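What follows is a set of notes on a single structure, which appears directly below.
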Amino acid sequence: MSAQSMSARSSSNQLPSSALSAAPHAAVKDPPVPRRWTAADIPDQSGRTFIVTGANSGLGFQTVLELARHGAHVVMTARDENKGRAAKARIDAERIGGTLELRKLDLADLDDVKRFAAAIVADGLPVDVLVNNAGVMMPPRGLTRQGHEQQFGVNHLAHFVLTALLIERLAQSSDGRVVTVSSDLHKRGKIHFDDIAGAHDYGRMSFYAQSKFANVLFALELDRRLKAAGLPVKSLLAHPGYSATNLQLSGPTGILKLFMRIGNRFMAQDVAMGALNQLYAATAPRAESGQFIGPDGKNEKRGYPSLVQPIAAARDVELAKNLWQLSETLTGIDFELGKRARS
Ligand SMILES: NC(=O)c1ccc[n+]([C@@H]2O[C@H](COP(=O)([O-])OP(=O)(O)OC[C@H]3O[C@@H](n4cnc5c(N)ncnc54)[C@H](OP(=O)(O)O)[C@@H]3O)[C@@H](O)[C@H]2O)c1
């Protein structure tokens with residue numbers, strides 16, 4: 001249940017409706033997220049630079065489109081340069097206000113992540129918002145170039161490294177943000193510390209859920225560490241509910257893929273609605289660090305952006321620290337915010 005609907009329910013439990021209607025206007029609190037927020041509510045983004053991973057398809061593509069419509073400069077990243085070029089051409093053809101540049105980034109190769117981040121820094125590009133969007137769902141077991149299980153490696157480890165290498169750049173922005181795209185399936189996740197690569201017991205769904213749970217643990221721990229280090233960067237989470245994209249068709253195979261195809265046709269919401277959640281997190285002036293934005297409909301599957309809650313385990317500080325440490329060990333990246341803030 002969203003905090004929004006929780007607060008509505010608790011207030012109606014406490015007061016008779018006559019008292020509510022007699023309550024002074026000043027006593028009515030604004031909901032944490034404005035109701036029925038749409039892309040038309042995105043403020044002008046001129047002068048702001050965004051990096052969106054997985055920008056050639058689905059939610060990433062839609063995010064770039066709306067950001068560009070509102071005047072932003074967007075670095076579109078794609079692992080396949082041909083797909084990236086085709087996606088950029090589709091947005092360029094609309095001749096909308098913002099500017100785009102395309103950069104290759106393969107998140108299944110941490111050397112490529114390091115190369116990409118180093119080039120952003122070397123080119124002197126400002127970075128106001130990093131949208132950790134790219135993802136892969138439920139493929140047969142596969143490994144990244146460095147030998148990590150593919151879903152954990154692409155969805156979590158690569159974004160952990162990318163964020164670490166760009167955090168100082170983000171801290172130079174007057175409104176720096178990291179938006180990490182998770183899923184309501186994080187609720188089924190646990191971190192398999194004893195078999196993180198799924199060498200002994202890989203499950204397509206359980207390892208997808210692990211990666212999306214890792215996204216939530218990471219973003220909330222990042223929020224805590226940013227605040228502790230006094231760095232002016234926000235860390236937010238978003239999830240799109242169930243949105244019809246390539247995600248359901250590129251990872252799953254066989255009968256699973258057939259079910260996904262039917263689900264996309266009859267149950268999913270369109271990508272424009274799904275992307276509103278990450279667009280709100282990336283642009284809304286009222287969005288706060290540590291918030292999780294997801295659809296306001298039943299079971300968070302569809303609807304307008306609202307404040308949603310991660311499962312309790314995702315707020316486990318010890319677990320988050322252990323994942324952070326494991327991520328540093330697996331990637332060889334020292335993501336020490338306090339040290340960075342002091343140096
Ligand atoms: N759609 C939903 O219902 C849903 C629900 C919950 C969460 N999400 C999350 O939303 C995010 C975006 O997914 P989507 O639904 O928009 O799916 P999508 O249309 O398949 O887009 C995923 C993007 O990630 C890219 N990608 C995959 N592996 C990559 C790699 N190794 N390196 C770089 N980029 C890579 C894809 O590139 P290619 O085109 O080259 O494959 C594509 O651009 C994901 O994090 C997903 O977990 C989606």
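The values are calculated or read from the model by the stated rules, or taken from the named source; none is laboratory data. Because the structure is a prediction, the values reported are computed rather than measured. Cβ placement follows ideal geometry from the backbone for every residue including glycine, while neighbour counts extend to all protein chains displayed. Remember, those area values only see protein heavy atoms, side chains included, never the ligands or the DNA or RNA. Shrake-Rupley method; radii C 1.70, N 1.55, O 1.52, S 1.80 Å.
With a Förster radius of 30 Å, plug the Cβ-Cβ distance of F266 and T99 into 1/(1 + (r/R0)^6) and report the FRET value to the nearest 0.05. Efficiency at R0 = 30 Å is approximately 0.20. Hand me the GluC sites (Glu not before Pro) from the range 215-319 located in a DSSP loop with no more than 11 other Cβ atoms within 10 Å, in residue order please. Listed in order of number, the matching sites amount to none. At a probe radius of 1.4 angstrom, the accessible area of the range 168-268 per residue rounds to 43 square angstrom. Quick note on the range 86-226: its Rg to Rh ratio, both from C-alpha atoms and Rh being the Kirkwood radius, is 1.00. Pairwise alpha-carbon distances in the chain exceed 35 Å for 19% of all pairs. An oblate overall shape is assigned to the range 69-144, the ratio a/c of its alpha-carbon gyration tensor axes (a ≥ b ≥ c) being 1.5 or greater and a/b not exceeding b/c. Across all Cα pairs in the range 187-253, the calculated P(r) in 10 Å bins from zero up to the longest distance comes to 17, 37, 31, 14, 1 percent per bin. Mean residue ellipticity, 222 nm, helices only, the chain: the sum of -39500 (n - 2.57) across DSSP H runs of n ≥ 4, divided by residue count and rounded to 500, is -13500 deg cm²/dmol.
Multiplying the residue separation of E336 and I255 by 0.36 nm and subtracting their alpha-carbon distance yields 24.7 nm.
Which percent of the accessible area of the chain is formed by carbon and sulfur heavy atoms (probe 1.4 angstrom)? Result for the chain: 53 percent of the exposed heavy-atom area is carbon or sulfur. The relative contact order of the chain, computed from alpha carbon pairs under 8 Å that lie at least 6 residues apart in sequence, is 19 percent.
With only the Cα atoms considered, the range 203-343 has a convex hull volume of 133 Å³ per residue. Its Cα centre serving as origin, the chain has a Cβ charge dipole (Lys and Arg +1, Asp and Glu -1) of approximately 600 debye. Placing +1 on the Cβ of each Lys and Arg and -1 on the Cβ of each Asp and Glu in the chain, which of L185, F292, G263 has its Cα farthest towards the positive end of the resulting dipole? So the residue we want is G263.
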